[in-house]
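Note sheet for the following structure.
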Amino acid sequence: MLENFMKSLKKSMITNINDHDYIINPVLDGIPSYEPIFLEEIVEAIKSKVDFSDVDKIVGIESMGIPLATALSIETKIPFNIIKKKRMNLPDEISVSQITGYSKENLYINYLNKGDKVIILDDIVDTGGTLIAVINALKYVGVNILGVIAPIERSNGKKLVESKTRVSILTLIKLDVVDGEVKVKTIN
């Protein structure tokens, strides 16, 4: 089901940012070219595993959660919001500080309200910093988180997020860097 996407992951380049092996792949970075087949495969895999009947909004996290949220929104006909990296200065805007293995920045949440039933979507769960910050902020607002989806899982980020937030994460592929190569396996 994820054949083309997995091939692209295996061919990914690796660079080092702040002593963290960073994998360069279209789904993670938009470079090289993001082929539509990757989105199609990921969305089909997600749709086969998630019930969207009670979801009010899909919440994508900027930047690489945007193409995934867009494609999933088109397929499910559920509107999506983006948690942005830029302050919009809107009423009730919430600022969230996120710290990952390779960056530190603020994210901004707008137009998500108490009682909204959402699925959070990001490209990867690696160090867990982004998802922990976002989940805790949305819980604080009173948003009902029905699930979190990150197509790619790396290191112990998934377990860390789940233990700190008590929210489960659906992942499709686990990857690691071993001896300078990307190793990939699907998760059933």
Considering the range 1-59, residues that are of a type in the set (Lys, Arg) and under 17 Å from the mean Cα position of the chain (by Cα), and then whichever is surrounded by the most Cβ atoms within 10 Å (Cβ to Cβ), we arrive at Lys57
Against the condition surrounded by fewer than 20 Cβ atoms within 10 Å (Cβ to Cβ) and aliphatic (A, V, I, L, M), how does Ile145 come out, does it pass?
yes
Expected single match for over 19 Å from Ser168 (Cβ atoms) and either outside any loop (DSSP other than H, G, I, E, B) or touching a residue at least 40 places away in the same chain (Cβ under 8 Å) (or both) among Pro67, Pro32 is Pro67
Looking across the range 1-29 at residues that are more than 16 Å from Arg154 (Cα to Cα) and assigned to a loop (DSSP other than H, G, I, E, B), the single one that is modelled with the lowest pLDDT is Asn18
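For (1) surrounded by 20 or more Cβ atoms within 10 Å (Cβ to Cβ); (2) modelled with pLDDT of 95 or more, each residue gets a yes or a no:
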residue	(1), (2)
Asn89	no, no
Ile109	yes, no
Ile120	yes, yes
Gly128	yes, no
Tyr140	no, no
Ala150	yes, yes
Lys159	no, yes
Glu162	no, yes
Leu175	yes, no
Condition met for Ala133 (farther than 19 Å from Asn16 by Cα, surrounded by 14 or more Cβ atoms within 10 Å (Cβ to Cβ), of a type in the set (A, V, I, L, M) and modelled with pLDDT of 95 or more):
no
Looking across the range 70-101 at residues that are under 14 Å from the mean Cα position of the chain (by Cα) and part of a strand (DSSP E or B), the single one that is nearest to Val43 (Cα to Cα) is Phe80
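The values are calculated or read from the model by the stated rules, or taken from the named source; none is laboratory data. Since this is a predicted model, take the numbers as computed values, not measurements. FYI the Cβ positions are ideal-geometry reconstructions off the backbone, even for glycines, and counts take in every protein chain you see.
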